[in-house]
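A.B. asks: Quick one: the structure is below, questions incoming.
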Amino acid sequence: MVSQSNGSPATPLNFLIYGRTGWIGGLLGKICESQGINYTYGSGRLESRDTLIADIAAVNPTHVFNAAGVTGRPNVDWCESHKVETIRTNVVGTLTLADVCREKGLILINYATGCIFEYDSDHPLGSGVGFKEEDSPNFTGSFYSKTKAMVEELLKNYDNVCTLRVRMPISSDLTNPRNFITKISRYEKVVNIPNSMTILDELLPISIEMAKRNLTGIYNFTNPGCVSHNEVLELYREYIDSSYTWKNFNLEEQAKVIVAPRSNNELDTTKLKTEFPELLSIKESLVKYVFEPNRKTPVAA
């Protein structure tokens, strides 16, 4: 497919990105630089409509990317005690940006979350039956997830938005505290549940290609298949630290050390895989993009 921007192959790409100080936003800028794509970080506040309009007038973008949002520090438990701040960015801000973009005839690539589902009787753990794009969220255990589910439902009415459901993001930067691998490798104990996850090194460039193709609608934005906490840590031990050890605990024990329950699910990636057949399974992607480039242990003879 010919790369297009706003329907015209002649128009050079020019991205306006929100989330400069965030993990995904920072990585997007680096990818744009490597691909020679013009980009500018938005300076406006998402909940301030006038500042967004000013950004768009100044930059005249072909596409807008939203990687801004409140996930909480050090984790989503923060949102439980900061509900208004969470709503302001995740709900009011995201909707305002989508609305301004629609008014200006611009596609918005919105990095959302897949942590709005949990295994149930129709999607049992280990069954390989994943939640599809059209499924309604069934997990509202955390306030963070609740706000994200609300926004996704409302954004369905905006035909200019491409919603990408990211889950448990992982990158090759094992020093980043937001990295799922970095997080769990530092925990005293971890649960052991298979989940869909997003390898950013593989999927963020795909999101830029999605903008070039002017794709809209909801996409489960994870690598195909599932991987458990133990499987990830076994790879960590194999590639990074052969002396690494960890302990497991169950969900009941985990509940005692967190404020809000966490989402565990598998997402169906048929729609994304159909558009991008080259997409690797989660375990293949983990090895290729994360563990092989970071290998510290000797290669077995």
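The values are calculated or read from the model by the stated rules, or taken from the named source; none is laboratory data. Just so it is clear, the structure is predicted and the values come from calculations on it, not from any experiment. Positions of Cβ are generated from backbone atoms using ideal geometry, with glycine treated the same way; all protein chains shown enter the neighbour counts. Note: accessible area is taken over every heavy atom of the protein model, side chains too, but ligands, DNA and RNA are not part of it. Shrake-Rupley method; radii C 1.70, N 1.55, O 1.52, S 1.80 Å.
A.B. asks: Quick one: Cα centre-to-centre distance for region 134-182 and region 14-82, in angstrom?
C.D. replies: Cα centroid of region 134-182 versus Cα centroid of region 14-82: 15 Å apart.
A.B. asks: With labels modelled as points extended 7 Å from the Cα through the Cβ direction, what inter-label distance (nm, one decimal) is found for residue 183 paired with residue 244?
C.D. replies: 1.6
A.B. asks: Percent of Cα-Cα pairs more than 28 Å apart in the chain, please. Write down the numbers at each step before the final one.
C.D. replies: Values: 16959 of 45150 pairs.
So the portion of pairs separated by more than 28 Å is 38 percent.
A.B. asks: Give the calculated FRET efficiency between residue 192 and residue 156 to the nearest 0.05, with a Förster radius of 35 Å applied to their Cβ-Cβ distance.
C.D. replies: Once the sixth-power term is evaluated, E becomes 0.55.
A.B. asks: Further question: Given a Förster distance of 30 angstrom, what is the FRET efficiency for residue 51 paired with residue 132, based on the Cβ-Cβ distance and rounded to 0.05?
C.D. replies: 0.25
A.B. asks: Moving on. Against the empirical 2.2 N^0.38 Å scaling, what ratio does the C-alpha Rg of region 1-139 come to?
C.D. replies: Taking N as the residue count of region 1-139, the ratio is 1.21.
A.B. asks: Provide the FRET efficiency to the nearest 0.05 for the residue 14-residue 206 pair, computing r from the beta carbons and using R0 = 22 Å.
C.D. replies: Here the calculated transfer efficiency is 0.65.
A.B. asks: Taking a probe of 1.4 Å, how large is the accessible area per residue of the chain, in Å²?
C.D. replies: Accessible area per residue: 45 Å².
A.B. asks: Determine the shape class of region 151-264: with a ≥ b ≥ c the square roots of the Cα gyration tensor eigenvalues, call it rounded for a/c under 1.5, and otherwise prolate if a/b is greater than b/c, oblate otherwise.
C.D. replies: Because a/c hits 1.5 or more and a/b fails to exceed b/c, region 151-264 counts as oblate.
A.B. asks: Over the Cα atoms of region 73-206, what Rg and Dmax result, in angstrom?
C.D. replies: When restricted to the Cα atoms of region 73-206, Rg and Dmax are 16.0, 49 Å.
A.B. asks: Roughly speaking, to the nearest percent, how much of region 1-142's 1.4 Å accessible area is carbon and sulfur? Kindly include the intermediate steps, with their values, before the conclusion.
C.D. replies: On the way: 3350 of 6710 Å².
Answer for region 1-142: carbon and sulfur cover 50 percent of the accessible area.
A.B. asks: May I pose another question? With a point put 7 Å past each Cα toward its Cβ, work out how far residue 283 is from residue 30 in nm, to one decimal.
C.D. replies: Once both label points are built, they end up 2.8 nm from each other.
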